[in-house]
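What follows draws every value from the coordinates through simple rules; no lab data is involved. This one's a predicted model, so the numbers in the text were calculated from it and none came from an experiment. Backbone-built Cβ (ideal geometry, glycine too); neighbour counts: all protein chains shown.
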Amino acid sequence: MDVQVGDILTMKKPHPCGSKQWKVLRTGMDFKLKCEGCGHEVMLPRSKAEKNIRTIEREGKTVC
């Protein structure tokens, strides 16, 4: 899956704040994501994050 820094990911499950939108801050074996609703930052293993991605938005375009 082609995920790049700056992409906005829409996940299957919402964050406790209610937002499903996450901004990618770092990629590699782990993803560092920032919640667009409350600003909380988390590190997730790449395999777990990729399973939960619904769509990828890059500069206003939907990639996946």
Open item on the list: For Lys12, give me every one of the lysines with a C-alpha distance below 18 angstrom, ignoring sequence neighbours fewer than eight places off in its own chain.
Closed with: Lys20, Lys23, Lys32, Lys34, Lys48, Lys51
Open item on the list: What three numbers, in Å, describe the spread of the alpha carbons of the chain along their principal axes, ordered from the longest?
Closed with: 27, 25, 18
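Given Cα pairs under 8 Å that are at least 6 residues apart, what percent is the relative contact order of the chain? Before the final figure, lay out the partial values.
Values: 120 pairs, mean separation 20.2, N = 64.
Relative CO of the chain lands at 32 percent.
So how do 17-25, 34-42 stack up, highest first, on mean other-Cβ count within 10 Å?
Numbers: 17-25: 16.2, 34-42: 14.1.
Highest to lowest by the protection proxy: 17-25, 34-42.
Can you give the local net charge around Lys12? Use residues other than it whose beta-carbon is closer than 9 angstrom to its beta-carbon, Lys and Arg +1, Asp and Glu -1. Working shown, then result.
On the way: positive: Lys13, Lys20, Lys51, Arg54; negative: none.
Net local charge, Lys12 excluded: +4.
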